[in-house]
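Asks: My structure is below; once you've seen it, I'll send some questions.
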Amino acid sequence: MSADPAARPGRLGVGVVGAGRVGAVLGSALAGAGHPVVAVSAVSQESRERAATLLPGVPVVDVPEVVRRAELVLLAVPDDALPGLVRGVAETGGWQAGQIVVHTSGRFGVDVLAPARAAGVIPLALHPAMTFTGTSLDLARLAGCAFAVTAPAPVLPIGQALVVEVGGEPVVLQEEARGLYHAGLAHAANHLVVLVAQASDALRAAGVPEPGRVLRPLLDAALDGALRAEDAAGPDGPGAISALTGPVRRGDAGTVGEHVVTLAALGTRTGAVDVPSGYGALARAAASRALAAGLLGPADAQRVLDALAGINAGPGALDPQDGPGPAPGPAGPDDGQDDGQDDGGTSPQEDA
């Protein structure tokens, strides 16, 4: 048997619409699995350079020509651009019966491909739960990366097989769950970045010259502990919140109150008013979840809330019956994602 991936049966000519961070990388990964990339669309100079690096020798053509040449069309464009793109190609008669059309949006399932389905294409929604840099570094990160796969049942195995071929792990997701899935990934990945930015502001103001270096071991340990706790909890366990440490978990209201004062002063002095408000919102959520999970007693939780009273709007008291309780089990981290995609003409979307 030949070791050449291109010699495997069932190889497909791939057309990449959108040489953004996701499209160029996934196109390269498919090429590595033996699927030749026959065309790519890229409008901006940045996208053209990315295509030249990750898809060397692949012709850069317009979208209708990409679709015309391809047996598998990979649509890696911003979420808001996807419906119009699919509809526009349909209106010009571009879709071909039997063609596989894959989009990488986390927000949408296959319903967005309805205009293409009417022409007889095979619709797939494959979303990698990863942030992308748009460089060759991402190719190694695809190994073991979860991909949300949404497709009609008869063609679901095609989507799963494509994910496995690029090194990912397919996770079947129903159409109606895509919005919640994507919101969970965006909340995790995007807001983790905001949290690091806010914490860095506080550390820098405290005289720490390299906040990232100081935060890295702490955040690495905290994230690892939370994810391990979530994985070990099962559907009825407390999940990630059981890894909570710090003053809220201890019911140390005096320390929380001091944080409120110092962060409010930072906001007044520097204009970084999102730092105290962000701290307040997350500390309230931490107290609520810790109370619901039995990690914090009602009296301690109330003292923490009292200490937070002036930092931003929120409930004045917590009732264990009102707490969110253990999360029922979200899909996981990424997201990535509006996943760093672009259509070559606009800035890449932020990774979710």
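Asks: Mind ranking 181-190, 93-102, 298-307 by how tightly packed they are, going by the mean number of other C-beta atoms within 10 angstrom, highest first? Numbers along the way, then the final one.
Replies: Working: 181-190: 20.5, 93-102: 17.1, 298-307: 18.9.
Ranked by mean Cβ neighbours within 10 Å, highest first: 181-190, 298-307, 93-102.
Asks: I need the phi-derived Karplus couplings for the stretch 17-26: 6.51 cos²θ - 1.76 cosθ + 1.60, θ = phi - 60°, integer Hz, Gly and Pro marked x.
Replies: Per residue, the Karplus-derived 3J(HN,Hα) values read 9, x, 8, x, 4, 7, x, 5, 5, 5 Hz.
Asks: For every other residue with a beta carbon closer than 15 angstrom to the beta carbon of residue 155, add +1 if it is Lys or Arg and -1 if Asp or Glu, then tell me the sum.
Replies: On the way: positive: 117; negative: 71, 111, 175.
Once positives and negatives cancel, what remains is -2.
Asks: Let me ask another. Given a 1.4 Å probe and the protein chains all in place, what does the accessible area of residue 37 round to, in Å² to the nearest 10?
Replies: 20
Asks: Still on this model: Looking only at the chain, where both bridge partners belong to it, what percent of the DSSP beta bridges are antiparallel (to the nearest 5)? Walk me through the intermediate numbers first.
Replies: Values: 4 of 25 bridges.
Counting only bridges with both partners in the chain, antiparallel ones make up about 15 percent.
Asks: Can you tell me the FRET efficiency between residue 161 and residue 45 if r is taken as the Cβ-Cβ distance and R0 is 35 Å, rounded to the nearest 0.05?
Replies: Values: r = 35 Å, r/R0 = 1.00.
Given R0 = 35 Å and the Cβ-Cβ separation, E is 0.50.
Asks: Using each residue's phi in the stretch 63-75, evaluate 6.51 cos²θ - 1.76 cosθ + 1.60 at θ = phi - 60° and report the 3J(HN,Hα) Karplus result to the nearest Hz, with x for Gly and Pro.
Replies: Here the 3J(HN,Hα) series is 4, x, 6, 4, 5, 5, 7, 9, 8, 10, 9, 9, 9 Hz.
Asks: Around residue 281, under 14 Å between beta carbons, what's the net of Lys plus Arg minus Asp minus Glu among the other residues?
Replies: Values: positive: 284, 289; negative: 274.
Computed value for this residue: +1.
Asks: OK, next. Whole-Hz Karplus ³J(HN,Hα) for the stretch 47-61, in order, using 6.51 cos²θ - 1.76 cosθ + 1.60 and θ = phi - 60°, x for Gly and Pro?
Replies: Values per residue, Gly and Pro as x: 5, 5, 5, 5, 4, 5, 7, 8, 10, x, x, 7, x, 9, 9 Hz.
Asks: Between residue 180 and residue 96, with labels modelled 7 Å along Cα→Cβ, what's the label distance in nm to one decimal, could you check?
Replies: Simple spin-label model gives 4.0 nm for this pair.
Asks: Per DSSP H run of at least 4 residues, take -39500 (n - 2.57); add these up for the chain, divide by its residues and hand me the 222 nm value, nearest 500 deg cm²/dmol.
Replies: Details: 13 runs with 160 residues, N = 352.
Using -39500 (n - 2.57) per qualifying helix, the result is -14000 deg cm²/dmol.
Asks: Mind listing the long-range amide H neighbours of residue 172? Cut-off is under 5 Å, sequence gap 5 or more, other chains count too, H placed in the peptide plane at 1.01 Å from N.
Replies: Result for residue 172 returns 149.
The values are calculated or read from the model by the stated rules, or taken from the named source; none is laboratory data. Since the model is a prediction, treat every value here as computed from it, not as a measurement. Please note: Cβ atoms are built from the backbone with ideal geometry, for glycine as well, and neighbour counts cover all protein chains shown. Quick note on the areas: whole protein, heavy atoms, side chains included, nothing else; ligands and nucleic acids left out. Shrake-Rupley method; radii C 1.70, N 1.55, O 1.52, S 1.80 Å.
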